[in-house]
Structures are given as C-alpha cells and as structure tokens.
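The values are calculated or read from the model by the stated rules, or taken from the named source; none is laboratory data. In this text the structure is predicted, and so the values were computed from the model without any measurement. Virtual Cβ from ideal backbone geometry, glycine too; neighbours counted across all protein chains shown. Areas reflect the complete protein model, heavy atoms only, side chains present, ligands, DNA and RNA absent. Shrake-Rupley method; radii C 1.70, N 1.55, O 1.52, S 1.80 Å.
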Amino acid sequence: MLTEPMVNRNGHVSYGQDENCYARFHKHPYKGGMHDFIEIIFPGARDTTDRPVKESDKQRFSRQWEAYQKGEEFKAEGYPLENWQSMDEGTVREYNHKRIYTVEQFANMAESNLENLGLGARTLHTKAKAFVEAHKDTKVAEKYASQNEQLKSQMESLAKANKEMKDRLDSLETKKKGKK
C-alpha cells in the first residue's frame, strides 16, 4: 500500500509527516566553497534528499535549523526506541541506522516504508501505534500535573510574601500605637 503524497502548508510534497522525518543540516563543498546542505530522510525510506538549503527549509525544519546554528545536534522528540520494551537491542540499532529514533516516528511512518524494515515490522508498527494512542492521555495528564506544580509553587511564594507584608504592617501598627 503506497502512501498518498501530501502537500503541506509550505507547498512541499512529502510522503509522510515532516514532524516524523529526520532532517539534518550540514556543511558540504559546493561550487568552490562550503555551503549549508540539508539531508531529509523519512523514517524507513530507502531514498534520501541531500541538497543545498533553501530559505523554506529553514522554516519547514526550524527546530533543526536552530540547533544547527548553535552547533548542536537535533534530537528527535518522543519516547526513545531504546526505552521501549517491545523492541530488542538489535532491532533498535537497525531502526536507528534507518533514522528512526522514537516510538512516535515509527508509529507515524508511512506504511510503504515498512517493507524496508524487514520481518516483524508490521507487527511492531501496530504495537507502536497502540503505544502512542495509550500514552496520548498520559502526556496531557503530565502536562497538567506540571502546570499544577508550578501553580502550587507560585501560590506558596505569594502566601509567603503576603505573610511578610502582614508582619510588616502589624509591626508598623504596633510602633504607631506606641508613639501615641
């Protein structure tokens, strides 16, 4: 089953979601000098794109571009394959070699690329989709728990500041009564 080509908001045609692809900016000799290049690989795909950077690439892959500008390596966001219990160490290494680093990338990759991953890929793909779906609510809960902790901390700081102000006011009132 081939994935239908998609035209994203920037007019780029792709056979998968940009969030799940591996995009790497690097220097490469070109036309007598060193120029910025971009390598684009969709998880599990055999073909790659490696070409000079266009302005639209900097917007399309802004997080990767920002990391490149800082001299940092961009890491895929999501649950790392090496932490996922459904995959053994050898399979993780093989998938990492094919630029698949997270369960989310694997779950969202194009069906047509599964055949490039060998036996058992479809079964693992189904498990990855179920894993991502099951953890969707967990991520939302974690986000709210984090926000709740921040609000608790802010409330404690405000309560402490309020108590200090009250103590100061009481002290001033005591001094004022003593002068009368």
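Based on what the data block shows, is LYS58 at negative phi and open to solvent by 70 Å² or more (accessible area, probe 1.4 Å)? So LYS58 fails the test.
Residue selection: LYS31 fails the criterion of being in contact with a His (Cβ under 9 Å, 6 or more places away or on another chain) and either modelled with pLDDT of 85 or more or at negative phi (or both). Note on the range 117-157: among residues that are of a type in the set (A, V, I, L, M, F, W, C) and open to solvent by 90 Å² or more (accessible area, probe 1.4 Å), the one that is modelled with the highest pLDDT is MET155. Of the residues in the range 95-110, at least one is within 19 Å of ASP47 (Cβ to Cβ), modelled with pLDDT under 90, open to solvent by 50 Å² or more (accessible area, probe 1.4 Å) and out of contact with any strand residue (DSSP E or B) (no Cβ under 9 Å at 6 or more places or on another chain).
Would you confirm, using the coordinates I've provided, whether LEU172 is hydrophobic (A, V, I, L, M, F, W, C), open to solvent by 80 Å² or more (accessible area, probe 1.4 Å) and either farther than 30 Å from ASP36 by Cα or not in a helix (DSSP H, G or I) (or both)? Yes: the conditions hold for LEU172.
Inside the range 55-71, residues that are under 26 Å from ASN113 (Cα atoms) and in a loop (DSSP other than H, G, I, E, B) make up a count of 1.
Of the residues making up the range 71-84, those that are at pLDDT 90 or above and either closer than 12 Å to LEU124 by Cβ or hydrophobic (A, V, I, L, M, F, W, C) (or both) are LEU81, TRP84. Considering the range 1-28, the residues that are at pLDDT 70 or above and closer than 19 Å to ALA128 by Cβ include one that is least open to solvent (accessible area, probe 1.4 Å), namely CYS21. State whether one or more residues within the range 88-95 are outside any helix (DSSP H, G or I) and touching an Asp or Glu at 6+ places or on another chain (Cβ under 6 Å). No - not one qualifying residue is present in the range 88-95.
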